[in-house]
Amino acid sequence: MVVYLALTLHQRVQIYPLWQQTLFVWVLLLVERLLSLWVLGATGQPTPTLIYWAPTFLGLILWPWLSVVLSDLARRSGII
């Protein structure tokens, strides 16, 4: 589901400012974690600790820099 949303919306998201792109990526990461949490609960697994949410916040922090680096690489390689 998350990959479908990312692939479907990535062209639209690129026109927005970097801070809005960052929020979009964060929401996608939150959706992935919530879906995983739902599966864990449905299968009777124990509830994870707060460290379970760390990747979403790490993605929120790293996305602006990662976006700039990937855009620069795409320009240099002639993709964009």
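The values are calculated or read from the model by the stated rules, or taken from the named source; none is laboratory data. Remember, it's a predicted structure, so these values are computed and weren't measured experimentally. Here the Cβ is made from the backbone with ideal geometry for all residues, glycine too, and neighbour counts use every protein chain on show. The protein model used for the area step is the full one, side chains on, heavy atoms only, and it has no ligands, DNA or RNA in it. Shrake-Rupley method; radii C 1.70, N 1.55, O 1.52, S 1.80 Å.
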### Options 26, 63, 38, 53: the member that is of a type in the set (Phe, Trp, Tyr) and surrounded by fewer than 13 Cβ atoms within 10 Å (Cβ to Cβ)
38
### Hits in segment 66-80 - residues which are more than 24 Å from residue 1 (Cβ to Cβ) and open to solvent by less than 50 Å² (accessible area, probe 1.4 Å)
71, 74
